[in-house]
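Asks: Have a look at the structure that comes next, please.
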Amino acid sequence: MENIRLEISRSGGKRASYDVKYRKGMTILDALTEVRERQDSSLGYRHSCRMGICGSCGMTIEGRPMLACQTQVSSFNKGTIYIEPLHNMVVIRDLVVDIIPFFDLHRSVRPYLIRNDIKERDTSDREYRVLSEEVRKFLQFDYCIMCALCYAACPTVALDPFYTGPQAVAQAYRYMADPRDEGWEKRVDLLDTSHGVWRCHMAGACSFVCPKDVDPAKAVQLARMEVLKKRILRRRGKEGSRLVPPHVAVTAKEGVKPPPFDFGGAKS
Amino acid sequence: MKRDKRFKSGLIPSLNPVRFNLERWSYTVHRITGVILVGYLMAHIFETFQLGGGAAAWANTMAALHSLGPLELVGLWIVAGSAFYHGGNGIRLLLNEAFGRFMGKPILPVYPYSPTSLGKNQKIAVWTITGVVLALWVWAAVYLLAGVGVI
Amino acid sequence: MAEPAKVNGGSLVKESWNMVVTYVTGAILVFVLTFHLLLHSPLAGKAFDATLSFGYATGNLTYYQVIFGFLLFAAVIHGFNGLRTIAIEWLHPTRRAWLLNVFVFLLMAFFLAVGTVTLVVVG
């Protein structure tokens, strides 16, 4: 393959064609950068890390949401590649979409540890106890890079703008499964609405396009089971894991330091 | 910017599974068969209501349906296929959604990635249901359209 | 900061209970609908046209009235709940969400009434 042609959706419903000289190992992001630097500096697209960790360069490539930096030009094995902005989102310009609503939905599920004892949470100099086997139950869902590809792929998001969405539900479940979290009941109530977890129909497109194998479809089904546990089995939220070691009150007296952490071995 | 314009592509894009996974195709078929079945249900309830009017009323109803010609049996065949698929896929979805079956457990992702929710168990479930549905549909075709196969 | 859409579809119950009803009626439907289809299948020992005769249809409704009752209720509730799901997603009403639920409920009640009359009169 010597040259490739990029057919890119531009603002105003236009489509522009650019021919780019192919180099071995070229990604779609490399090709777009080539276009912007040598042919058309007005082309708008987001990118940052170039290594699949920031989630900025999500776009629809050949009809499927992908990260441009993680997609090899050679993987398509054809001379013309069609590139559009992410589906299901309002286009700001060219390939740049408005992802503020996506972040709003993420924030709406309270994606942080909720503890009942706020003073303990804010003044503690110890850690909350969590075992490695407990971490395995939610670590997969922690790898989310918030690229919004799952929202572009989800058929319910395509239809219902109020749907909480696969990423937000997955993050809600990530915290529900965290033994340190005490917001289980609050999150169940947040998810158990007419635009919450029940609008998922297990199309699995979110997991299909996820570049980090977060598997949001699995998280949504697990979140559903948590909701059913509360509603049908009448389960209540558990107390979160305790501090390790037990919390030692820190005095505000000037010059008084808290006692050193005891590793349980030699005398400190 | 009004909230309802921020996401949303519409009904047709939501039903378009091209370039996506097998389960997304099954979602589309499940939705379409569901709508077919509800439409048929409404008509069928009115149709069977005519039984209360006696043999004469029923004969008129049947005559009206027979006047559709081959469309009647083809339509019934499509409804039968819809019922087979929607029911079979519905069982799979019930197992997925309420019991977490075929989803796999949370894992530590290792490249190359392969989501367990779309893994081997899920694929076996989808293809098994599709196979059984197709077999039943062929059987229904033979019985309804060819009038063959009475036991 | 956006909150998730708190409007619970104007429903008196949590959405999870609607889904439990959908699951239960779906599971019931698989069995009773299979039974209904078998009565009009080669296993009935008749050609398809013969299974549509007045005598055969009324006979089934009389002998299997309870099963057909379950079929009617499960099918109407499951089917119209499904239509409601599509309507919530497609129309996503917020201010007058309760109207959609009332409309679906009325439709369900209407078709259940028509079907029940058939079962009672014929059975």
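Laboratory data are not the source of any read-out in this text; all were calculated from the coordinates shown. The shown structure was predicted, so the numbers you read here are calculated from the model rather than taken from an experiment. All Cβ positions, glycine included, derive from the backbone under ideal geometry; neighbour counts span all protein chains shown.
Asks: What is the angle, in °, between the Cα long axis of helix B:22-49 and the longest principal axis of the Cα atoms in chain B? Nearest 10 is fine, range 0 to 90.
Replies: The answer is roughly 20 degrees.
Asks: Does anyone have the angle between helix C:65-91 and the longest principal axis of chain C? Alpha-carbon axes, 0 to 90°, nearest 10?
Replies: 30 degrees
Asks: Place a +1 charge on the Cβ of each Lys and Arg in the range B:7-151 and a -1 charge on the Cβ of each Asp and Glu, then give the dipole magnitude about the Cα centre in debye, rounded to the nearest 20. Could the numbers behind the result be given before it?
Replies: Numbers: 9 positive and 4 negative charges, 150 e Å.
In debye, rounded to 20, the range B:7-151 gives about 720.
Asks: I'd like the distance between the alpha-carbon centres of the range A:229-245 and the range C:57-106, rounded to an integer number of Å.
Replies: Using only Cα atoms, the two centres lie 36 Å from each other.
Asks: Follow-up. Could you work out how far apart the two model spin labels at residue A:14 and residue B:60 are, taking each label as a point 7 Å from the Cα in the direction of the beta carbon, and quote it in nm?
Replies: 6.5 nm
Asks: Work out from phi, with θ = phi - 60° and the Karplus expression 6.51 cos²θ - 1.76 cosθ + 1.60, the ³J(HN,Hα) of each residue of the range C:30-41, listed in order in whole Hz, and give x for Gly and Pro.
Replies: Karplus-based 3J(HN,Hα) across the range C:30-41 equals 4, 6, 6, 5, 4, 4, 4, 5, 5, 5, 10, 10 Hz.
Asks: Moving on to the next point. Could you work out the relative contact order of the range C:19-123? I mean the mean sequence separation of Cα pairs under 8 Å and 6+ apart, divided by the number of residues, in percent.
Replies: Working: 64 pairs, mean separation 38.7, N = 105.
37 percent.
Asks: What dipole magnitude, in Debye to the nearest 20, does chain A give about its Cα centre under +1 on Lys/Arg Cβ and -1 on Asp/Glu Cβ? Walk me through the intermediate numbers first.
Replies: Values: 42 positive and 33 negative charges, 94 e Å.
Using Cβ point charges on Lys, Arg, Asp and Glu, chain A gives about 460 debye.
Asks: Taking the mean number of other Cβ atoms within 10 Å as a proxy for protection, how do you rank C:91-98, B:41-48 from highest to lowest? Working shown, then result.
Replies: Values: C:91-98: 14.9, B:41-48: 16.8.
Packing proxy ranking, top to bottom: B:41-48, C:91-98.
Asks: Where nothing but the Cβ of Lys and Arg (+1) and of Asp and Glu (-1) is charged, how large is the charge dipole of chain C around its Cα centre, in debye to the nearest 20? If you can, show how the numbers build up before the last one.
Replies: Details: 6 positive and 4 negative charges, 46 e Å.
Magnitude of the dipole: close to 220 debye.
Asks: Give the relative contact order (percent, whole number) for the range A:191-235; include only Cα pairs under 8 Å separated by 6+ residues.
Replies: Values: 21 pairs, mean separation 15.0, N = 45.
Answer for the range A:191-235 is 33 percent.
Asks: Continuing with this model, one more query. Please report, in cubic angstrom per residue, the volume enclosed by the convex hull of the alpha-carbon atoms of the protein assembly as shown.
Replies: Spread over its residues, the Cα hull of the protein assembly as shown gives 217 Å³ apiece.
Asks: Would you calculate, for chain B, the mean residue ellipticity at 222 nm contributed by helices, counting each DSSP H stretch of 4 or more residues as -39,500 (n - 2.57) and dividing by all residues, to the nearest 500? Write down the numbers at each step before the final one.
Replies: Details: 5 runs with 100 residues, N = 151.
Helix contribution divided over all residues of chain B: -23000 deg cm²/dmol.
Asks: Restricting to DSSP H runs of at least four residues, report the calculated mean residue ellipticity at 222 nm for chain A, -39500 (n - 2.57) per run over all residues, nearest 500 deg cm²/dmol. Don't skip to the end; give the middle numbers.
Replies: Values: 11 runs with 84 residues, N = 268.
That comes out to -8000 deg cm²/dmol.
Asks: A further question follows. Report the convex hull volume per residue for the range B:89-151, counting only C-alpha atoms, in Å³.
Replies: Details: hull volume 6.1 nm³, N = 63.
Taking only Cα atoms, the range B:89-151 has a hull volume of 97 Å³ per residue.
Asks: Let me ask another. Go ahead and estimate [θ] at 222 nm for chain C from helices alone: -39,500 (n - 2.57) per DSSP H run with n ≥ 4, summed, over the residue count, rounded to 500.
Replies: On the way: 4 runs with 88 residues, N = 123.
Calculated mean residue ellipticity at 222 nm is -25000 deg cm²/dmol.
Asks: What number does chain B give for Rg over Rh if you use C-alpha atoms and the Kirkwood radius?
Replies: Details: Rg = 20.8 Å, Rh = 18.9 Å.
Using only Cα positions, Rg/Rh for chain B is 1.10.
Asks: Also, quick follow-up: What are the residues whose amide H is under 5 Å from the amide H of residue C:46, where those residues sit 5 or more places off or on another chain and H is modelled from the backbone?
Replies: Result for residue C:46 returns B:151.
Asks: Now a separate question. Which value results for Rg/Rh of chain A when Rg is the Cα radius of gyration and Rh the Kirkwood radius based on the inverse mean 1/r?
Replies: Numbers: Rg = 23.3 Å, Rh = 21.2 Å.
Rounded to two decimals, Rg/Rh equals 1.10.
Asks: Report, in degrees rounded to the nearest 10, the 0 to 90 angle that the Cα long axis of helix C:97-122 makes with the longest principal axis of chain C.
Replies: Orientation of helix C:97-122: about 10 degrees from the principal axis.
Asks: What Cys residues in chain A have no fellow cysteine's beta-carbon under 4.7 angstrom?
Replies: A:57, A:69, A:144, A:147, A:154, A:200, A:210
Asks: Can you list residues whose amide H is under 5 Å from residue A:82's amide H, if they're 5+ apart or on another chain and H is modeled 1.01 Å from N?
Replies: So residue A:82 has HN proximity to A:7, A:62.
Asks: What percentages, rounded to whole numbers, describe P(r) for chain C computed over all alpha carbon pairs with 5 Å bin width beginning at zero?
Replies: 2, 10, 16, 18, 15, 12, 9, 7, 5, 3, 1, 1, 0, 0
Asks: Which ³J(HN,Hα) values in Hz, rounded to whole numbers, follow from the phi angles of the range A:93-99 under the Karplus curve 6.51 cos²θ - 1.76 cosθ + 1.60, where θ = phi - 60° and Gly and Pro get x?
Replies: Result, ordered by residue: 6, 6, 9, 9, 10, 7, 10 Hz.
Asks: What relative contact order, as a whole-number percentage, does chain B give when Cα pairs under 8 Å and 6 or more residues apart are counted? Please report the intermediate quantities before stating the final value.
Replies: Details: 84 pairs, mean separation 36.8, N = 151.
Reported as a whole number, the value is 24 percent.
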